[in-house]
Amino acid sequence: MATKSRNSSGLVWSLIAIVVAVSSLLYCASFVLDQFATGWERLNLAADYFGRIIRGGNVS
């Protein structure tokens with residue numbers, strides 16, 4: 001047997017909280033992806049730099 005909520009404002013506030021939570025996750029996801037991409041690029045640059053040092057290449 002299902003129970004029915006007597007307070008409809010609780011349902012409205014719950015839906016608002018869910019919408020705010022999902023929107024904040026979507027908003028922060030773009031920053032996380034950007035940081036990941038920047039970090040990956042820096043990792044590749046550092047690997048190339050140390051590779052040139054090990055090979056004895058020209059580092060500038």
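Taking the criterion of being open to solvent by 100 Å² or more (accessible area, probe 1.4 Å) and of a type in the set (Phe, Trp, Tyr), the residues of segment 14-60 that qualify are 27, 31, 36, 40, 50.
Here's the yes/no breakdown for (1) at pLDDT 85 or above; (2) small (Gly, Ala, Ser); (3) in contact with an Asp or Glu (Cβ under 6 Å, 6 or more places away or on another chain):
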residue: 2; (1), (2), (3): no, yes, no
residue: 10; (1), (2), (3): no, yes, no
residue: 23; (1), (2), (3): yes, yes, no
residue: 42; (1), (2), (3): no, no, no
residue: 46; (1), (2), (3): yes, yes, no
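The values are calculated or read from the model by the stated rules, or taken from the named source; none is laboratory data. This is a predicted model, so every value here is computed, not measured. Note that we place each Cβ from the backbone using ideal geometry, even for glycine, and neighbour counts take in every protein chain shown. To get the accessible areas, we keep the full protein, side chains included, count just its heavy atoms, and leave off ligands, DNA and RNA. Shrake-Rupley method; radii C 1.70, N 1.55, O 1.52, S 1.80 Å.
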